[in-house]
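Take a look at the structure set out below.
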């Protein structure tokens with residue numbers, strides 16, 4: 001600019017979008033003068049300087065003359081010339097160019113006016129285009145909601161990391177993460193809460209991972225993490241479990257605590273793939289297997305491909321299976337530890353698939369929960385189980401029936417009406433039905449969940465908290481919920497050693513203090529049975545007693561159990577053993 005305008009002195013002052021001077025540079029100025037001006041201006045708000053007072057709200061090129069040069073431009077050693085504000089993006093000043101000389105009359109103003117205006121306009125346009133290009137690049141490579149890298153940027157990062165790992169014979173891992181109950185949050189609390197929750201998840205993920213790792217959002221509630229080249233399969237599993245643990249802790253959104261949870265699939269280089277698309281695809285398959293089996297973390301292997309190959313077909317076939325009665329219900333007995341009688345059973349759904357054989361609930365219930373078919377499935381199980389309970393009552397077997405409900409069921413305000421219809425249709429008294437739900441199902445929206453549970457309780461239905469101890473249990477939380485029963489999770493029973501039995505004993509005492517019935521589930525060994533039989537729990541359930549059975553098989557089992565029950569025996573399980 002100085003060369004074009006013929007000025008012996010030129011200055012450039014850069015102002016950022018917050019209004020602070022960030023850089024001062026010069027041409028034709030002694031070093032000591034340049035340093036003096038730099039120290040005087042850099043870091044200062046532009047509006048507080050004499051220049052800011054002159055420029056004002058209208059940033060147009062103006063000549064420097066004797067009248068204004070003393071205060072505003074004396075610092076720069078300029079008494080005549082031009083100052084040229086360069087502005088862009090809604091008049092955010094980005095730079096100010098001063099061209100002039102130390103003496104009056106150095107510039108012929110009329111001769112340079114058009115040139116100065118042209119330079120100002122062209123430079124402003126160039127600056128604006130540069131900022132827009134930078135903005136467009138950021139928008140193209142970052143997620144607009146969370147500001148994390150997006151899919152395109154992640155694939156670039158991954159391709160670069162793979163090139164390095166290939167040259168150095170290194171390792172890296174891709175972790176694909178999907179939130180477990182995000183759709184329930186959106187459905188029950190609204191999309192604005194869902195968006196805020198995604199932001200909280202993004203912050204938690206970045207806080208847990210190392211600075212060298214890349215965290216990106218692929219879209220929806222899917223995130224992906226690229227671990228550095230030092231990550232092998234075992235290291236990736238450790239990192240993934242750390243992430244799952246971090247997301248098991250409540251997230252504070254709009255002054256409420258939300259529990260969400262996550263499922264993670266792992267694919268590693270070079271074991272599972274050597275290009276970005278293969279690694280992402282196989283991490284995705286592993287993630288769906290983790291979600292399907294509810295184990296939290298799964299690393300890809302060939303069995304994942306086999307398991308997932310049937311998923312799309314199952315998803316399409318499930319509504320038909322419900323309509324055509326391909327589903328069956330098995331019943332697992334619950335033993336009363338005071339009377340040693342079986343007073344109730346839990347209904348567990350199976351799918352008698354025409355080509356795949358008998359499928360367990362872990363193979364199709366998560367699909368139903370993810371797509372909304374779960375409400376139809378729950379209604380079918382309720383009707384079937386209560387119908388069977390009515391048949392047993394008519395034959396003299398008054399067994400309480402327990403049926404599982406999901407988070408999506410609990411978020412449905414029509415659930416009490418559906419339960420009422422099933423009870424009326426079967427003729428089973430409401431107090432003979434127990435609805436079991438997990439802590440996570442309640443905590444996806446505690447307020448609405450409590451409202452629905454209260455309405456169910458008013459019908460006379462019993463409410464059971466399943467898998468107690470694996471989520472977010474607290475005494476205050478249990479006191480708030482309208483519960484009748486707590487089922488202590490099997491994970492506390494590993495072999496029945498002293499530490500575990502002490503923990504179970506404490507849970508039992510706490511539950512009894514709150515007036516709750518206590519069921520210990522997952523009893524698979526008689527050593528566990530003998531351990532919990534001594535700690536005052538009320539009921540027991542597990543494979544050591546009996547696996548889930550078809551209705552006819554259960555009737556035969558009940559007859560055998562009753563006939564083998566010695567009068568007054570305190571250890572009837574030994575007869576079954």
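Suppose R0 equals 25 Å. What FRET efficiency, 1/(1 + (r/R0)^6) with r the Cβ-Cβ distance, do residue 543 and residue 245 give to the nearest 0.05?
On the way: r = 29 Å, r/R0 = 1.14.
After rounding to 0.05, the efficiency reads 0.30.
Report the gain in length on full extension from residue 34 to residue 448: 0.36 nm times residue separation, minus Cα-Cα distance, nm rounded to one decimal.
On the way: separation 414, 0.36 × 414 = 149.04 nm, distance 6.67 nm.
142.4 nm is the gain from fully extending residue 34 to residue 448.
Which parts of the stretch 220-262 would a label at residue 199 reach, counting a residue when its backbone N lies under 15 Å from a point 7 Å out along Cα-to-Cβ?
Only 252-256 fall inside the zone, counting backbone N under 15 Å.
Taking the Cα-to-Cβ direction at residue 206 and at residue 355 and moving 7 Å from each Cα, how far apart do the two end points lie in nm?
Distance between label points: 4.7 nm.
If neighbour count is taken as other Cβ atoms inside 10 Å, put 400, 204, 217 in order from fewest to most.
The most exposed by this proxy come first: 204, 400, 217.
Based on other C-beta atoms within 10 Å, arrange 401, 507 from fewest to most. Before the final figure, lay out each step's value.
Numbers: 401 25, 507 21.
Listing 401, 507 from fewest to most nearby Cβ atoms yields 507, 401.
Subtract the Cα-Cα distance of residue 234 and residue 431 from 0.36 nm times their separation in residues, and report this length gain in nm to one decimal. Numbers along the way, then the final one.
Values: separation 197, 0.36 × 197 = 70.92 nm, distance 4.93 nm.
In short, 66.0 nm is gained.
So, in nm, how far is label residue 395 from label residue 141 when the simple model puts each one 7 Å beyond its Cα toward the Cβ?
Taking the simple label geometry, residue 395 and residue 141 are separated by 7.0 nm.
How high is the FRET efficiency from residue 479 to residue 512, r the C-beta distance, R0 22 Å, rounded to 0.05?
0.95
Please rank 33, 378, fewest neighbouring Cβ atoms within 10 Å first, as an exposure proxy. Could the numbers behind the result be given before it?
Numbers: 33 14, 378 26.
Lowest to highest Cβ neighbour count: 33, 378.
Assuming R0 = 22 Å, can you tell me the calculated FRET efficiency for the pair residue 151 and residue 274, based on Cβ-Cβ distance, to the nearest 0.05? Walk me through the intermediate numbers first.
Working: r = 19 Å, r/R0 = 0.89.
Calculated transfer efficiency: 0.65.
Once you sort the root eigenvalues of the Cα gyration tensor of the stretch 151-309 as a ≥ b ≥ c, which label holds: rounded (a/c under 1.5), prolate (a/b larger than b/c) or oblate (the other case)? Intermediate values should be presented prior to the final figure.
Details: a/c = 2.05, a/b = 1.59, b/c = 1.29.
Taking the square roots of the gyration eigenvalues as a ≥ b ≥ c, the stretch 151-309 is prolate.
Laboratory data are not the source of any read-out in this text; all were calculated from the coordinates shown. Predicted model, so just to flag it, every value in this text is computed and none were measured. Every residue, glycine among them, receives a Cβ derived from its backbone with ideal geometry; neighbour counts consider all protein chains shown.
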